[in-house]
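Undergrad: Right, I'll just put the structure down here and ask away after.
Read the figures in this text as sums done on the coordinates, not as results from a lab. In this text the structure is predicted, and so the values were computed from the model without any measurement. So basically every Cβ, Gly included, is an ideal-geometry build from the backbone, and we count neighbours across all protein chains shown.
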Amino acid sequence: MEGWNKPSSGGSTYTHPATHPANIITVADEDNHFTSTNVEEVLKELFTSGNSGKILIETAVISKGGTVSKAGTIATFSELDAGIQSIGAPMRYASGTVNSQSQGSGYFYTNETGTYLTGLGKVVVTGLTFQPKLIRIYKGTAVNPSSFYTWGNYQKNIIGNYNYMSGMEDPSSDLTVIVQHKTTGVPYNQGSNLAIVTATGFTLPVKESYGQYTWEVWG
Amino acid sequence: MIIINFVGRKIYYDKATGNVLVDTYERVGLVRQTTEEEDVAAFDILKGRSVESYDFIELKYGEYAQDFSTCNGYRVNATTSAIEFSYPNPANPVPQDPVYVKPLTDQIAELKQEVEALKAQVTTTTTTPA
């Protein structure tokens with residue numbers, strides 16, 4: 001038994017405990033790296049510092065055009081390594097044509113009073129071998145600046161009274177379209193998950209339900 | 001190394017009428033041919049149908065490109081599963097009911113073969129001593 005024991009032969013013996021709580025062990029920290037003074041708190045500081053460093057690296061990778069795919073909230077070093085390798089990688093591209101469809105059930109967005117809006121068509125593209133960062137859709141086969149829409153990071157394009165922007169709202173997998181009023185900038189609810197960009201395709205709103213659209217994607 | 005794919009059309013049609021339900025069109029780049037399951041999920045017109053009511057054909061990239069660009073309609077022959085086109089009549093620009101025929105590309109190729117065969121026959125006939 002740990003601590004002081006009294007054997008039957010008389011006197012006292014001391015049995016040292018096999019383990020000690022980390023919070024009772026002090027650290028000398030001769031070079032003043034830590035604010036805490038015990039092992040438990042110093043470990044917490046190290047963990048927080050490591051995470052903060054990972055977040056900084058992830059932000060830097062993304063700002064340089066790289067992509068960090070992470071399974072958890074904080075990227076692992078392997079995931080950061082893959083992210084750094086993605087910086088400066090050749091831009092991937094694909095294009096094709098698709099007939100738009102009726103929007104069907106669900107909504108792309110709500111207006112400023114919260115009313116769900118309908119009447120748009122949609123285009124659905126699958127079979128991509130990468131997740132696009134930038135998508136351009138235009139009516140017909142000729143690029144006409146007045147009739148194409150672009151979804152991508154920091155891109156704004158107007159359909160009716162709305163700007164559509166997409167961003168990495170859900171970093172775990174999909175790009176989510178954000179809709180905001182073109183003059184007030186007030187963001188609106190998406191309504192449902194009709195508009196979505198995945199690793200193999202996308203579904204996005206267009207003006208017409210039955211029209212031929214050309215699409216181009218980069219990523 | 002990035003490999004650019006050239007993916008041909010996949011045309012879904014009604015097995016009873018031959019009418020086209022979905023044309024996936026041609027695609028280029030980092031893209032692959034879609035599966036039937038993906039197409040059913042993507043196109044509402046397929047979602048609502050029984051699997052037995054439709055079928056599809058796949059064309060090579062660029063196949064019948066000129067026919068597609070000049071036709072005014074196309075369908076799939078439900079009996080032969082071959083694509084058929086209707087073409088505008090330059091002599092009569094007024095829209096008519098479509099008349100679906102074998103692709104002009106195929107007809108021209110067949111005519112060329114026939115001409116070559118005839119030429120060969122004529123050559124054989126004229127060079128054979130009486």
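Undergrad: With labels modelled as points extended 7 Å from the Cα through the Cβ direction, what inter-label distance (nm, one decimal) is found for B:Thr17 paired with B:Ala41?
TA: Placing both labels 7 Å beyond Cα along the Cβ direction yields 2.9 nm.
Undergrad: Right, another one. Just B:Thr105, B:Thr17, B:Thr79 to compare: in a GNM of chain B, with alpha carbon springs under 10 Å, which one fluctuates most?
TA: Maximum fluctuation in the GNM of chain B, among the listed residues, is at B:Thr79.
Undergrad: I want to make sure I understand the PRE zone here: with the label point 7 angstrom from the Cα of B:Lys112 toward its beta carbon, which residues in the stretch B:61-98 have backbone N atoms less than 17 Å away?
TA: B:62-68
Undergrad: Mind jotting down the distance between the C-alpha centroids of the stretch A:1-48 and the stretch B:1-68, whole Å?
TA: Distance between centres, Cα-based: 70 Å.
Undergrad: Then there's this: Let me have the 222 nm mean residue ellipticity of chain B computed from DSSP H runs of 4+ only, each contributing -39500 (n - 2.57), with the sum over all residues rounded to the nearest 500.
TA: Only helices count here, giving -9500 deg cm²/dmol.
Undergrad: To continue, here is another question. Name the residue from B:Ala91, B:Val101, B:Gly48 whose Cα lies farthest towards the positive end of the charge dipole of the stretch B:1-116, charges +1 on Cβ of Lys and Arg and -1 on Cβ of Asp and Glu.
TA: Going by the Cα projections, it comes out as B:Gly48.
Undergrad: Want the number for A:Glu41 to A:Ala89: 0.36 nm per residue separation, take away the alpha-carbon distance, what's left?
TA: 13.2 nm
Undergrad: Take A:Thr76 and B:Ile57, extend 7 Å from each Cα along the Cα→Cβ direction, and tell me the distance between the two endpoints in nm.
TA: A separation of 5.0 nm, rounded to one decimal place.
Undergrad: Same structure again: Rank by packing, highest mean first: peptides B:90-100, A:56-66, A:126-136, A:41-51, with packing defined as the count of other Cβ atoms within 10 Å averaged across residues.
TA: Packing order, densest peptide first, comes out as A:126-136, A:56-66, A:41-51, B:90-100.
Undergrad: Place the peptides B:80-88, B:42-50 in order of packing, highest mean first, counting for every residue the other Cβ atoms within 10 Å and averaging per peptide.
TA: B:80-88, B:42-50
Undergrad: Follow-up. With a Förster radius of 45 Å, plug the Cβ-Cβ distance of B:Asn72 and B:Lys119 into 1/(1 + (r/R0)^6) and report the FRET value to the nearest 0.05.
TA: Once the sixth-power term is evaluated, E becomes 0.85.
Undergrad: Mind giving me the nanometre distance, one decimal, between the label points for B:Gln33 and B:Leu104, set 7 Å out from Cα along Cα→Cβ?
TA: Distance between label points: 2.8 nm.
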